[in-house]
Each structure stands twice: as structure tokens, then as C-alpha cells.
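Here is the structure we will look at, set down as C-alpha cells.
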Amino acid sequence: MDARPPKLDVRQVSIAHYNERMKHSLEVLHDIDLQMREGELVCIVGPSGCGKSTFLNAVDGLISVGAGKILVDGREVSGPGADRAMVFQNDCLFPWRTVLRNVVYGLELRGTLGKRDMHDKASRIIDLVGLKGFEEHYPNELSGGMRQRVNIARALVTDPQLLLLDEPFAALDAQTREFMQVELLKILARTRTSALFITHQINEAVFLADRVVVFSARPARIKEVIDIDLPAPRTLSMKHELAFVELEQRIWRLIEEEAAKTGMLTAAA
């Protein structure tokens with residue numbers, strides 16, 4: 001039996017946002033319990049505005065929980081830490097820095113490596129994400145998919161124990177998004193990094209995840225956790241297979257039920 005603590009252990013977490021102007025508190029998350037294993041990729045889906053990004057920000061330590069606790073490798077989260085790294089929807093690269101200097105930025109902030117070691121490590125990660133030869137290019141010389149690879153490399157170079165991704169492919173065109181899903185799985189398999197991934201795209205969640213967590217309408221509770229029992233390595237052609245489509249439709253039905261509660265759509269008869 002594995003005696004190690006879960007990679008991520010979320011225990012009865014609730015979060016409310018207080019509106020100072022209106023003197024009103026709005027509960028966003030209610031009594032969330034979730035555990036992640038080492039090396040697992042978990043996707044979170046749910047109705048728009050249900051609190052998915054709030055949850056991810058809490059795991060990253062950017063906002064405090066109102067009740068409960070969040071632990072990473074058995075250590076309680078009390079703020080941002082070196083054991084976690086966030087990848088946002090927009091690449092947020094420094095336009096005045098080359099690919100190499102963007103990726104090395106996090107290492108510079110830590111100041112634990114010499115310049116040569118930092119550049120060597122950044123170069124290895126750049127190679128890993130498929131950008132070898134583009135080290136001296138600037139962000140405006142790259143495609144959207146390439147910039148997001150730089151963004152992922154910048155997160156991975158600090159060796160996070162948990163990678164947090166908030167709709168990282170949402171700004172990409174449909175074709176690039178599909179290819180980036182495949183590339184992300186390859187990258188995580190090579191680095192053996194655990195990842196928590198937020199998305200609105202149900203087929204993206206099914207394609208990427210070991211498990212999909214469906215949030216309810218606000219205040220978000222965990223409505224259901226679905227194991228994605230699809231073979232590896234995953235290929236884009238899987239998205240047309242019956243097992244994949246059935247999982248996608250099952251998750252859509254769960255989200256439609258919650259969306260109907262908010263008035264976003266009329267519940268099916």
C-alpha cells in the first residue's frame with residue numbers, strides 16, 4: 001500500500017466572495033472534497049461561472065479558503081509556493097524577452113542556480129516542448145500555439161509538483177487546440193507532472209483526463225467524478241469512437257442539468 005499522502009488533498013473547502021459596495025457575501029464553492037494521485041491529470045468542468053477558476057486560484061494559494069483546507073503533498077496551502085505553477089489562458093509572455101529568457105525567468109527569481117545552469121535547464125525544457133531552434137525568437141515571431149508552449153515551458157522549468165492550467169488552449173484556433181492537447185499529454189508523460197486542468201470544452205476534458213470532475217451550478221459542489229477509462233497513448237481519432245462519445249454525452253447531460261437550474265437553458269422534458 002502507498003503510504004504517501006495524495007498529491008492534492010482538498011478537504012471540505014468552501015469559499016465566498018464579499019462585495020464591499022453591496023455589503024453582500026456570495027458563496028462560490030461549497031464543501032469541496034477532492035484528492036489527486038501522483039502523476040494524475042484531472043479536468044474540472046461545469047456550468048459557466050460556477051467557480052472553476054476560483055477553485056484553481058485557491059489551490060495555487062492566490063485566494064484564501066473560507067472553510068476547510070487544501071494540502072499539496074501533505075503540506076497545507078497558505079499562499080503561492082514553488083511546488084505549484086500556473087498556466088493561464090493568455091500566454092502573458094514578456095514581449096521584450098526571447099523564448100529562452102522568458103523560460104528562464106522563474107529560475108532567475110529563485111536565484112538558486114548560476115547563469116549557465118539556468119540556461120542549460122531552460123534549453124532542455126524548450127527542447128521538451130518542441131521549440132528547439134526558437135530559443136532566440138521573440139513572442140511576436142511565434143504562432144499562438146508556440147507561445148503557449150513557451151508558457152508551459154516557463155511553468156515546467158521550476159519543477160512544480162502540481163501544474164495548474166486555467167483554460168490554456170481557449171485562445172487558440174480549433175486545429176491548433178487539438179494538436180496542443182496531444183502535445184500536453186506527451187509533455188506530462190515525460191515529466192511525470194501531476195496536473196489540474198480547467199476547461200469549458202467537454203471533449204477536451206475527456207481526451208486529456210484520467211478523471212473528470214463535474215462541478216454543479218454556483219455555489220459549486222462536486223456533482224460527479226467520472227473515471228476516463230480510455231487507452232494510452234491517446235490519439236485524436238479516439239474522439240470519433242463510441243466509448244469517447246458516450247463519455248462526452250454523459251458529462252454534457254450532467255452540465256445541462258446544472259445549467260437548467262441557473263436559467264441558462266430550459267431543462268429537457
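The values are calculated or read from the model by the stated rules, or taken from the named source; none is laboratory data. Worth saying up front: this structure is predicted, and the values here are computed from it rather than measured. Cβ atoms come from the backbone with ideal geometry, glycine included; neighbour counts cover every protein chain shown.
Worth a mention:
- Lone unmet requirement of (1) assigned to a helix (DSSP H, G or I); (2) modelled with pLDDT under 95; (3) not polar (S, T, N, Q) for ILE251: (2)
- Residue within the stretch 159-177 that is crowded, with 22+ Cβ neighbours inside 10 Å, at negative phi and of a type in the set (Gly, Ala, Ser) present: no
- ILE202 being surrounded by 20 or more Cβ atoms within 10 Å (Cβ to Cβ), touching a helix residue (DSSP H, G or I) at 6+ places or on another chain (Cβ under 6 Å) and either closer than 19 Å to ASN57 by Cβ or not assigned by TED's automatic domain parsing to the domain that holds TYR105 (or both): yes
- Selected residue (only one of LEU113, LEU41 is surrounded by fewer than 17 Cβ atoms within 10 Å (Cβ to Cβ) and among the hydrophobic types (A, V, I, L, M, F, W, C)): LEU113
- Residues of the stretch 205-227 satisfying the condition of being touching a helix residue (DSSP H, G or I) at 6+ places or on another chain (Cβ under 6 Å) and β-branched (Val, Ile, Thr): VAL206, VAL212, VAL214
- Out of ALA217, ALA170, ALA260, ALA195, one residue alone is free of Cβ contacts under 8 Å to residues at least 60 places away in the same chain and among the small types (Gly, Ala, Ser). It is ALA260.
- When the residues of the stretch 108-121 are filtered to those that are modelled with pLDDT under 90 and assigned to a helix (DSSP H, G or I), the one that is farthest from SER143 (Cα to Cα) is ARG110.
- Single residue of ASP60, ASP120 found to be closer than 23 Å to ARG218 by Cα and either touching a Leu at 6+ places or on another chain (Cβ under 7 Å) or assigned by TED's automatic domain parsing to the domain that holds ALA153 (or both): ASP60
- LEU196 within 14 Å of the chain's Cα centre (by Cα), closer than 23 Å to THR54 by Cα and either assigned by TED's automatic domain parsing to the domain that holds SER48 or crowded, with 21+ Cβ neighbours inside 10 Å (or both): yes
- Cβ-Cβ contacts under 8 Å between residues 6 or more apart (or on different chains), taken from a first residue in the stretch 227-256 that is under 12 Å from VAL206 (Cα atoms) and assigned by TED's automatic domain parsing to the domain that holds ALA189 to a second residue that is in a helix (DSSP H, G or I) and among the polar types (S, T, N, Q), are listed as LEU236/GLN181; LYS239/ASN203; PHE244/ASN203; GLU248/ASN203.
- Matching residues in the stretch 1-26 - criterion: being acidic (Asp, Glu) and loosely packed, with under 15 Cβ neighbours inside 10 Å: ASP2, GLU20
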